[in-house]
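Written below as structure tokens is the structure these notes are about.
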Amino acid sequence: MTDKGKIIETAHILKGAQKLVVLTGAGVSKESGIPTFRDALEGLWAKFDPQELATPQAFRRNPKQVWEWYTYRRNLAAQAEPNPGHIALAQLEQYHPQLVVITQNIDDLHEQAGSHDVIHLHGKLMENRCFKECRGYPTIITAEQIADDEHIPPHCPYCGEYVRPNVVWFGEMLPAAVLERAQDLAFHCDVMLVIGTSGLVTPAASLPLWAKQQGANIVEVNPDDSMITRYANIKLDGPSGEIIPKVLEAMSQIDDT
Ligand code: OAD
């Protein structure tokens, strides 16, 4: 099938979906200037060692280094703006008002683009919580609470323990309620649109597989092949900032009469 044919077929599948769910990964934010993890040259994990920066052990060993790495990522994210892929995904809500976007990304570009229901599997970059969860999980610490704290990292205003970013690190469980909701959506959708993920990190990577096993159509958007590609019903090759707007445009041209 031609690329155009695949776009038109995708438009029909998305428009006809009873329960559409979107799953995104780092690729969807790449065109906003936020590096992916596994890109061979530019990827974060090509330049930095996750074991030194994204584990509770690393934070215990060197809290300053980990905190500063997240400050670097926060600055990158603060400068970033939603790209046409994020915006087109938010516009899909005109056809599916209850649309849920499940994202592995910790930036908030889907929300900035206007998506109303975003599940953050791996947490939120701009939030902080107490490393000891002294008031129960999660003990969120607001920016105001640490505004005058000059320590790096700042200290929890309740117990004095370090404050950490509210993200999921390697070796940590995903927040149970968040994962449960994502699993439920995967089990009950009839179409899952999977964008910009290598499909290498579970449990996120299992969501499309579970959806597929329940009979859902899997549509993938990615310029490269991923672990999802081999079982996707349709694979659209290309950057999401170009592909998703084209799909949306094709949806608008479908005659409903
Ligand atoms: P990866 O870096 O593993 O994969 C990014 C994917 O995006 C690759 O398959 C690229 O081909 C694709 N891609 C690149 N540019 C794109 C574009 N313009 N449009 C669409 N796709 C594009 O990122 P994730 O799969 O999101 O976890 O990584 C999953 C998790 O691993 C992350 O959430 C993070 C990381 O370690 C934690 O930090 C816990």
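The values are calculated or read from the model by the stated rules, or taken from the named source; none is laboratory data. Predicted model only: the values in this text are computed from it and were never measured. Cβ placement follows ideal geometry from the backbone for every residue including glycine, while neighbour counts extend to all protein chains displayed. Each accessible area value is taken on the protein alone, full model and side chains, heavy atoms only, with ligands, DNA and RNA left out. Shrake-Rupley method; radii C 1.70, N 1.55, O 1.52, S 1.80 Å.
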(message) Can you give the local net charge around residue 235? Use residues other than it whose beta-carbon is closer than 12 angstrom to its beta-carbon, Lys and Arg +1, Asp and Glu -1.
(response) -4
(request) Can you give me the three principal axis dimensions of the stretch 83-173 from its C-alpha atoms, in Å, biggest first? (result) 48, 28, 20
(message) Using 0.36 nm times the number of residues separating residue 213 and residue 71, minus their current alpha carbon distance, what extension gain do you get?
(response) 47.1 nm
(request) Find, among the chymotrypsin sites (Phe, Trp or Tyr not before Pro) in the stretch 156-257, those assigned to loop by DSSP (not H, G, I, E, B) with at most 16 other beta-carbon atoms within 10 angstrom. (result) 158, 170
(request) Report Rg (one decimal) and Dmax (nearest whole number) for the stretch 153-205, counting Cα atoms only, units Å. (result) 15.9, 48
(request) State the percent of C-alpha pairs, over all pairs in the stretch 99-257, separated by a distance greater than 25 angstrom. (result) 42
(request) For residue 183 paired with residue 132, estimate the spin-label separation in nm (one decimal), with each label point 7 Å from Cα along the Cα-to-Cβ line. (result) 3.2
(message) Sorting check: for 45-55, 66-76, 13-23, which peptide has the highest mean count of neighbouring beta carbons within 10 Å, and how do the rest follow?
(response) 13-23, 66-76, 45-55
(request) Starting from the amide H of residue 195, placed 1.01 Å from N in the peptide plane, find each other amide H under 5 Å away whose residue is 5 or more places distant or on another chain. (result) 23, 24, 25, 221
(request) Can you check what the net charge comes to around residue 143, using other residues whose Cβ is under 12 Å from the Cβ of residue 143 (Lys, Arg +1; Asp, Glu -1)? (result) -3
(message) Can you show me the helix-derived [θ] at 222 nm for the chain, built from DSSP H runs with n ≥ 4 at -39,500 (n - 2.57) apiece and divided by the number of residues, rounded to the nearest 500.
(response) -10500 deg cm²/dmol
(message) Quick check on packing: order 91-99, 191-199, 136-144 by the mean number of other C-beta atoms within 10 Å, highest mean leading.
(response) 191-199, 91-99, 136-144
(request) Using a cut-off of 11 Å between beta-carbons, work out the net charge of the residues near residue 29 (Lys and Arg +1, Asp and Glu -1, residue 29 not included). (result) -3
(message) How big is the dipole moment of the stretch 1-123 about its Cα centre under a simple scheme where the beta carbon of each Lys and Arg is +1, that of each Asp and Glu is -1, and everything else is neutral? Debye, nearest 20, please.
(response) 280
(request) Between 40, 80, 26, find the one with the highest GNM mean-square fluctuation for the chain; connect C-alpha pairs within less than 10 Å. (result) 40
(request) Mind jotting down the distance between the C-alpha centroids of the stretch 1-60 and the stretch 151-209, whole Å? (result) 14
(message) At 1.4 Å probe radius, can you tell me the per residue accessible area of the chain in Å²?
(response) 49
(request) Would you mind getting me the FRET efficiency between residue 249 and residue 190? Use the beta-carbon distance for r and R0 = 25 Å, nearest 0.05. (result) 0.65
(request) Please report the relative contact order for the chain, taking Cα pairs under 8 Å with a sequence separation of at least 6, and give it as a percent rounded to a whole number. (result) 25
